[in-house]
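Chemist: Please read through the structure below; I'll follow up with questions.
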Amino acid sequence: MTQGTTPSQRLGELVRLRRARDRIDRDYAQPLDVEALARGAHMSAGHFSRQFRLAYGESPYSYLMTRRIERAMTLLRRGDLSVTDVCFEVGCSSLGTFSTRFTELVGVSPSVYRSQSALATEGMPPCVARQVTRPIRNREAPAHKRSQAVASP
């Protein structure tokens, strides 16, 4: 809590942050930027970013990209869309940025993931496949465990 902030003010701020996070979850494929999210939360962009990071452990942009990558993983597992189509479907406007971020979070490129995941999740219910293949941040697990999560059935 910042100096001069009452518990009820902090609670109100957390409610607005949760609404912003819910908007990211719902509208991840739409063009979203920190300024628009901050306006919706009635905060300055800087304050919004700092408070979002305090509440959720990552920046709003990082959270948005993680949601987009999770959705991309689902679309790539389906196998009926190209990597480029998936990139644009999840709201990314740059294939290079999408591929770089995907590789950072998942540990393999989107095209490698697409070819490996079809075998790894074959016969699994979609709800289980989604949980098993959820991206793991590079700081959370060693590289060999990330690649095993994608490659292992």
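Chemist: Among the numbered criteria (1) out of contact with any Ser or Thr (no Cβ under 7 Å at 6 or more places or on another chain); (2) surrounded by 14 or more Cβ atoms within 10 Å (Cβ to Cβ); (3) among the small types (Gly, Ala, Ser), which one does residue 49 miss?
Modeler: (1)
Chemist: Do we have any residue at all in the stretch 88-100 that's of a type in the set (Asp, Glu), under 24 Å from residue 127 (Cα atoms), modelled with pLDDT of 95 or more and assigned by TED's automatic domain parsing to the domain that holds residue 128?
Modeler: Yes, there is a match, as at least one residue in the stretch 88-100 is of a type in the set (Asp, Glu), under 24 Å from residue 127 (Cα atoms), modelled with pLDDT of 95 or more and assigned by TED's automatic domain parsing to the domain that holds residue 128.
Chemist: Suppose we keep only residues that are over 17 Å from residue 92 (Cα atoms) and assigned to a loop (DSSP other than H, G, I, E, B) within the stretch 6-58. Which one would you say is modelled with the lowest pLDDT?
Modeler: 6
Chemist: Considering every residue within the stretch 110-120, establish whether at least one is within 22 Å of residue 61 (Cβ to Cβ) and at pLDDT 95 or above.
Modeler: Yes, the conditions are met somewhere in the stretch 110-120.
Chemist: Have a look at 99, 94 and point out the one that is within 25 Å of residue 62 (Cβ to Cβ) and surrounded by 14 or more Cβ atoms within 10 Å (Cβ to Cβ).
Modeler: Details: 94 fails: surrounded by 14 or more Cβ atoms within 10 Å (Cβ to Cβ).
None of the others qualify; the one that does is 99.
Chemist: For the stretch 90-115, which residues satisfy the criterion of being under 14 Å from the mean Cα position of the chain (by Cα) and either among the hydroxyl-bearing types (Ser, Thr, Tyr) or part of a helix (DSSP H, G or I) (or both)?
Modeler: Once the filter is applied, which keeps residues that are under 14 Å from the mean Cα position of the chain (by Cα) and either among the hydroxyl-bearing types (Ser, Thr, Tyr) or part of a helix (DSSP H, G or I) (or both), the stretch 90-115 yields 97, 98, 99, 100, 101, 102, 103, 104, 105, 106.
Chemist: Before we move on, is residue 66 part of a helix (DSSP H, G or I), of a type in the set (Val, Ile, Thr), assigned by TED's automatic domain parsing to the domain that holds residue 131 and touching a residue at least 24 places away in the same chain (Cβ under 8 Å)?
Modeler: In short, yes.
Chemist: Based on this model, can you work out whether residue 83 counts as crowded, with 16+ Cβ neighbours inside 10 Å, of a type in the set (Val, Ile, Thr) and in contact (Cβ under 8 Å) with a residue 40 or more places away in the chain?
Modeler: Criteria not met by residue 83.
Chemist: Tally up the residues in the stretch 28-46 that are within 14 Å of the chain's Cα centre (by Cα) and surrounded by 14 or more Cβ atoms within 10 Å (Cβ to Cβ), please.
Modeler: 3
The values are calculated or read from the model by the stated rules, or taken from the named source; none is laboratory data. Not measured: the values here are computed from a predicted model. Note that we place each Cβ from the backbone using ideal geometry, even for glycine, and neighbour counts take in every protein chain shown.
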